[in-house]
Amino acid sequence: MHWYVTADSRIKILEIYMTFTGYPEYAPQWFGMPKLFPKSVTLNYKVLSSTTNPNRIVYHQEQEYTIKGIGTKKVMKSTVVIELDDQDRIIKLDDKWDGKDHPVRWGALLLRRLNAKTLPWLVSVPKLDKSE
């Protein structure tokens, strides 16, 4: 997952295995998660490093998701890299599942973009308050 933000610290772009786009497309990912995974539990997390030059935090986390309807549990292990600006606002968040980079083959990118364009039709999202 990648989050890119502007200087006003509003999140503008999110990239995960599913999508690469702006708020109208990534927000349904977050609001749709409880519909697919009604239970999500952080099993473990550990800060691996925190530096000021570059201004970055790296941590490992294990998250357990329970799949709706069948009750199957899936544990996702991630290495998360958060890059911050000079005022400690997030400018990029990269969530690497199992520590691996995102797939870059043309088919993977096409599927992520297709998901980003179709999911907003299926999941309702609260409007973004422009004053925040």
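Computed from the coordinates by the stated procedures, all read-outs in this text should not be read as laboratory data. Model, not experiment: these values are computed from the prediction. Cβ: placed from backbone, ideal geometry, glycine included. Neighbour counts: every protein chain shown.
Laid out as a table, the results:
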quantity: HN-Hα J in Hz across region 84-89 - Karplus 6.51, -1.76, 1.60, θ = phi - 60°, x for Gly and Pro; calculated: 10, 8, 5, 9, 6, 9
quantity: Contour minus Cα-Cα distance for Trp121 and Val75 (0.36 nm per residue); calculated: 13.7 nm
quantity: Residue-count net charge about Met76 - beta-carbon cut-off 13 Å; Lys, Arg +1, Asp, Glu -1; calculated: +1
quantity: Gained length - Tyr23 relative to Lys68, 0.36 nm times residue gap less alpha-carbon distance; calculated: 13.7 nm
quantity: For region 120-126, Karplus couplings with θ = phi - 60° (6.51, -1.76, 1.60), whole Hz, Gly/Pro x; calculated: x, 6, 9, 10, 7, 10, x
quantity: Region 56-104: trypsin sites (Lys or Arg not before Pro) falling in loop per DSSP and having at most 10 other Cβ within 10 Å; calculated: Lys100
quantity: HN-Hα J in Hz across region 60-67 - Karplus 6.51, -1.76, 1.60, θ = phi - 60°, x for Gly and Pro; calculated: 10, 9, 10, 10, 9, 10, 9, 7
quantity: Amide H contacts under 5 Å for Phe37, placed H, 5+ residues apart; calculated: Lys68
